[in-house]
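In what follows, a structure is listed as structure tokens, so that the remarks can point back to it.
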Amino acid sequence: MYMHASFITTEDVVDWEDANRFVLGSPSRATASTVATVGIRLGTKAQWRVDVFPSVGHSCFQDVRCVGDLIYIGYGQQVAVLSPATGSLTSYSLDGYFGCMCTALDPECADLGSSVLVASASELLCFDGTGRLIWRKSELGVDGVVIRQIRSGEIVGDAEWDPPGGWKPFRLRLDTGTSRS
């Protein structure tokens, strides 16, 4: 059955009251408000929701992707992998803000297969098809990491070292995250 995930508005959360609930971050107090909510449908049914609390941090970017039977959520200074089948939500702290996610559905990343790449302000993380973190490459930049394309087992991208505009290219092996010489 088809699974779809998206960020939902505060007004639409009422439609998800009966959905199975997961929490990303921790409420600072009993009455803490969420900063975002992700709704996941299985077919047309509102099946799961993920409430995101301020403790995950804030950034200008957010994304949610369904890859196989997993949902990846990027928000604030976190990326989370939700497996509705097992009921697990695993969260990874990022070095700086969440930037973007790439999957094989993105034209520049068609060679990615079932893996998922997550870029933060300064690093790149690679997850395999089961949602397991395979590798993490830190210190690629200081204020942004952009993936330009994946080809022949290589990630080609740019990272900003001297804002604004001080971008430097990088090349990494897709299987290990190590630099290409």
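The values are calculated or read from the model by the stated rules, or taken from the named source; none is laboratory data. Values in this document were obtained by computation on a predicted structure and should not be read as measured data. Cβ sites come from the backbone with ideal geometry, for glycine too, and all protein chains shown count toward neighbours.
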Checklist outcome for this item: The condition of being within 17 Å of the chain's Cα centre (by Cα) and of a type in the set (S, T, N, Q) holds, among S115, S152, only for S115
Checklist entry - Pairs, please: C-beta under 8 Å, at least 6 apart or cross-chain, first residue more than 15 Å from A121 (Cα to Cα) and at pLDDT below 95 and in region 155-179, second among the charged types (D, E, K, R) and exposed (fewer than 14 other Cβ atoms within 10 Å of the Cβ)? => result S179/R171
Checklist outcome for this item: Of the listed residues (G113, G166), the one being surrounded by fewer than 17 Cβ atoms within 10 Å (Cβ to Cβ) and at positive phi is G113
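Here's the yes/no breakdown for (1) farther than 17 Å from S91 by Cα; (2) part of a loop (DSSP other than H, G, I, E, B); (3) aliphatic (A, V, I, L, M); (4) at pLDDT 95 or above:
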{"site": "S6", "(1), (2), (3), (4)": "yes, no, no, yes"}
{"site": "V13", "(1), (2), (3), (4)": "yes, no, yes, no"}
{"site": "R21", "(1), (2), (3), (4)": "no, no, no, no"}
{"site": "S26", "(1), (2), (3), (4)": "no, yes, no, no"}
{"site": "T31", "(1), (2), (3), (4)": "yes, yes, no, no"}
{"site": "I40", "(1), (2), (3), (4)": "yes, no, yes, yes"}
Checklist entry - Does at least one position in region 44-55 carry a residue that is among the polar types (S, T, N, Q), free of Cβ contacts under 8 Å to residues at least 12 places away in the same chain, within 25 Å of D15 (Cβ to Cβ) and not in a strand (DSSP E or B)? => result yes
Item to check | Those strands (runs of 3 or more DSSP E) lying entirely in region 104-181 with at least 3 residues closer than 23 Å to Y75 by Cα, β-branched (V, I, T) and outside the structural domain of F61 (by TED's automatic domain parsing) | outcome: 145-151
Next on the checklist: Which residue is farthest from the chain's Cα centre (by Cα), if the candidates are limited to region 56-100 and must be assigned to a strand (DSSP E or B) and over 22 Å from A121 (Cα atoms)?
Outcome noted: S88
Checklist entry - For region 2-27, what are the residues that are more than 22 Å from the chain's Cα centre (by Cα) and loosely packed, with under 11 Cβ neighbours inside 10 Å? => result E11, V14, E17, D18
